[in-house]
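*Asks:* Here you go, one structure.
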Amino acid sequence: MFDLELAYLRSRVKRIVNFANKADAQAKASKKELSVFLQENAKELKEEFQQAIKNRLEAEFGPSEWNTFRLAMNEGESDMVKRYGGVLPEECLKKGEDVPA
């Protein structure tokens with residue numbers, strides 16, 4: 001279990017560091033102080049940050065081979081088939097009246 005916790009933490013830290021580096025580079029490119037750049041772009045940066053802190057695994061930090069964990073659901077995935085690891089067929093994931101009972 002600790003293996004998975006660490007993988008999720010490392011994934012999140014990687015995304016946050018990438019977010020911070022990108023914001024810093026954009027501030028430098030705009031030739032503005034970082035604090036000014038952050039205030040002027042707060043709405044967009046907040047949305048990007050919310051995406052960065054989502055609870056999802058990056059491929060490089062997945063569970064080790066000896067771990068018996070198998071991802072059943074990835075809430076960070078927007079594609080419904082991928083969200084459930086391809087286990088559920090697309091027709092089972094459709095919403096609406098056209099789905100047979």
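*Asks:* Which condition from (1) open to solvent by 60 Å² or more (accessible area, probe 1.4 Å); (2) assigned to a helix (DSSP H, G or I); (3) more than 24 Å from Leu9 (Cα to Cα) is the one that Val81 breaks?
*Replies:* (1)
Per-residue answers, yes or no, for (1) in a helix (DSSP H, G or I); (2) in contact with a Leu (Cβ under 6 Å, 6 or more places away or on another chain); (3) of a type in the set (Gly, Ala, Ser):
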site	(1), (2), (3)
Asn18	yes, no, no
Ala25	yes, no, yes
Val36	yes, no, no
Gln50	yes, no, no
Lys54	no, no, no
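*Asks:* List pairs: first residue in the stretch 12-36 and in contact (Cβ under 8 Å) with a residue 60 or more places away in the chain, second residue surrounded by 11 or more Cβ atoms within 10 Å (Cβ to Cβ) and of a type outside the set (A, V, I, L, M, F, W, C) anywhere in the structure, Cβ distance under 6 angstrom, at least six positions apart or on different chains.
*Replies:* The qualifying pairs do not exist here.
*Asks:* I've got another one for you. With respect to Leu88, determine if the residue is open to solvent by less than 80 Å² (accessible area, probe 1.4 Å) and touching a residue at least 12 places away in the same chain (Cβ under 8 Å).
*Replies:* no
*Asks:* Filtering the stretch 1-40 down to residues that are charged (D, E, K, R) and in contact with a Phe, Trp or Tyr (Cβ under 8 Å, 6 or more places away or on another chain), which residue is nearest to Leu57 (Cα to Cα)?
*Replies:* Ranking the candidates gives Arg10 first.
*Asks:* Looking only at the stretch 17-32, filter to residues that are open to solvent by 60 Å² or more (accessible area, probe 1.4 Å) and of a type in the set (A, V, I, L, M, F, W, C); which one of those is modelled with the highest pLDDT?
*Replies:* Val17
*Asks:* Same structure, new question: Touching a helix residue (DSSP H, G or I) at 6+ places or on another chain (Cβ under 9 Å) and part of a loop (DSSP other than H, G, I, E, B), is that true of Arg10?
*Replies:* no
The values are calculated or read from the model by the stated rules, or taken from the named source; none is laboratory data. In this text the structure is predicted, and so the values were computed from the model without any measurement. Counting neighbours? That spans all protein chains shown, and the Cβs are built from the backbone with ideal geometry, glycine included. Remember, those area values only see protein heavy atoms, side chains included, never the ligands or the DNA or RNA. Shrake-Rupley method; radii C 1.70, N 1.55, O 1.52, S 1.80 Å.
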